[in-house]
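One structure is given here, and the rest of the page talks about it.
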Amino acid sequence: MEFEDEIFNDGLSKAYYKHNDNGQYVLEKDAPWAEKVSVALIISSRRALLEEIRKEVLAGRKSPLCYYMEMRQLDPGMLAKAAGIATFRVKRHLRPEVFARLNPSVLDRYTKALRVTLEELKTVPNG
Amino acid sequence: MTAELAANGKPFVHHHGAHCETAVTSALFRYQGMDISEPMIFGIGSGIFFGHLPFLKMTNLPITAFRAKPGAVFRKAAKRMGVDFVVKTYRDPPKGMDELRQVLKSGQIVGLATNLYWLPYMSERHRWNFSGHNIIVLREIEGGFRVSDPTIGAPVDCTADGLEQARFVPGPLNPRGHMYYIKSIRPNPDLRQACINGMKDSCNAMLRIPLPLFGVRGIRFLARKVVKSPDKLGFQEACRQLAGTVRWVEETGTGGAGFRYMYAAFFHEAAELFGSNELADLSKEMTAIGDNWREFSVTAARIIKQRDKEGETFAKAGGLMLKCADREEAFFRKLQKVARKLKA
């Protein structure tokens, strides 16, 4: 099965208006092809980016915070507002050596904003 | 269509709708005993719009809105139909949840604005950080709520914890527990006057906003941007941006072609209501514009899939959008004249 059909086969189909031959507007459930293609592209690029970040975290070039931020589809500015921490500090915390020295109260704010546990926040899924 | 019971045992029929907010609004009206369709709400609430917001980004893609801002459709439709309604937001999440429970106990069904990413029953393709997704809560059940999300086929269960998170996302996307319900409706509303007001308002929104990002000017702005994008951003990134635009046109609960088909359906109903041939013609014209948008998204998808590289270019996609802009401008200018002549 192609990737497009795979992600659209989730049982949560939306409805689309269609103009039928009798001049009536009816709802149907088949997603247009263009939608499938573009959503598939966006999702696959998002997954690829997340995977790349995960590898960089494992290689020690980025902090796990970067991974969870991407997973929740946030950027540093949004995460900063959600956690109540200045944007420039959030950006610094994306560096692994800075992140490793953070004290528990700051980590606590991140866990609340990202809805992950403290143990999860310190590592990324391996494998 | 599935029959469900609300908190006080009154039956509620779940209808599958195209767009969350209009479908929720029409379901709230229907629950109060007034049968009104989703396109009708869309037209009366002046849902149609265009706005391109390059400086606001979601997952690095700019926002292109094909509808009025979240919350506006319900407010406008409810005001124009003269119903008694309540809209509330909260700072404190527990208080917001408590009030929701109280309102549910009083036998109302409640519309909520939620964040799509945090709704627990959504699948991956629906999940992205957008805080204007509307759902209806029917009643409280053990450990959660019975929820009717009109963009999907049947009512679902939602955990209380997940619903609270979706209603109160920390940060700039916070919908602040936006909650609304209808207390009572006027028995015989002036549907015709409401339609006329809705049409006039839409014309102003599409034609008279003096900024290049909104209305038909906005479509032209985006079209020029699409044409230039492969040179500026490189093919890969330009494709991603284009895919983002197509998602705004076709996905995000538009009912196809950036709400244009739904708007055509509104004119189809309005033509019957007024008995006007001009409105029926406008309905056909809007369907044609919708087909044009659909053509744009198919072209975009072919670019992304790299089929027929010579024929399907960014210039062609931009050209199709410019054509949409021209046709829409003509459409709304004609609508202005027609709406002025209509008698309430």
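Structural remarks
- Rounded FRET efficiency, nearest 0.05, which uses the C-beta distance separating B:L61 from B:V86 and R0 of 45 Å: 0.85
- Peptide ranges B:22-28, B:195-201 listed from the most packed, as the mean C-beta count within 10 angstrom indicates: B:22-28, B:195-201
- Rg(Cα)/(2.2 N^0.38 Å) for chain B, N = residue count: 1.01
- Ellipticity at 222 nm from helices only: DSSP H runs of n ≥ 4 in chain A, each -39500 (n - 2.57), divided by the residue count, give -17000 deg cm²/dmol.
- Database remark: amide H of B:F12 closer than 5 angstrom to the amide H of B:E4, B:L5, B:A6 (H placed geometrically; neighbours at sequence offset of 5 or more, or on other chains; Pro and chain starts carry no H).
- Approximate spin-label separation B:K341-A:D21, in nm, with each point projected 7 Å along Cα-to-Cβ: 3.3 nm
- Multiplying the residue separation of B:L5 and B:R208 by 0.36 nm and removing their Cα-Cα distance gives an extension gain of 68.6 nm.
- Interchain or long-range residues, amide H under 5 Å from B:F50's placed H: B:G215
- With neighbours defined as other Cβ atoms within 10 Å of a residue's Cβ, the residues B:I36, B:I209 order from fewest to most as B:I209, B:I36.
- For chain B, the longest principal axis of the alpha carbon atoms and the long axis of helix B:277-305 meet at an angle near 70°.
- ³J(HN,Hα) computed for each position of region B:245-262 - Karplus, 6.51 cos²θ - 1.76 cosθ + 1.60, integer Hz, glycine/proline x: 5, 5, 4, 5, 6, 9, 8, 5, x, 8, x, x, 6, x, 6, 5, 5, 5
- Structure note, pairs B:K10/B:K95; A:K14/B:K341; A:K122/B:K95: Cα-Cα distances above 28 angstrom occur for A:K14/B:K341; A:K122/B:K95.
- Environment charge of A:G60, counting only residues whose C-beta is closer than 14 Å and scoring Lys/Arg +1, Asp/Glu -1: +4
- Net charge in the neighbourhood of B:F168 (other residues with Cβ under 11 Å of its Cβ; Lys, Arg +1, Asp, Glu -1) is +2.
- For region B:191-341, the extents of the C-alpha atoms along the principal axes are 50, 30, 24 Å, listed from largest to smallest.
- Residue exposure sequence - B:F12, B:F235 - by fewest surrounding Cβ within 10 Å: B:F235, B:F12
- With Rh defined as the Kirkwood radius, the inverse of the mean 1/r over Cα pairs, the Rg/Rh of region A:20-127 is 1.21.
- FRET efficiency for B:K309 and B:K228, using Cβ-Cβ distance with R0 set to 25 Å, rounded to 0.05: 0.85
- For the protein assembly as shown, convex hull volume per residue from C-alpha positions, Å³: 159 Å³
- Whichever lysines have a C-alpha closer than 20 Å to that of B:K76, once near sequence neighbours (fewer than 8 apart) are set aside: B:K88, B:K183, B:K200
- Region B:42-192 shape via C-alpha gyration tensor axes, a/c threshold 1.5: oblate
- With the helix formula -39500 (n - 2.57) applied to DSSP H stretches of n ≥ 4, chain B reaches a computed 222 nm mean residue ellipticity of -16500 deg cm²/dmol.
None of the figures in this text is laboratory data; all of them are computed from the coordinates on show. Worth saying up front: this structure is predicted, and the values here are computed from it rather than measured. All Cβ positions, glycine included, derive from the backbone under ideal geometry; neighbour counts span all protein chains shown.
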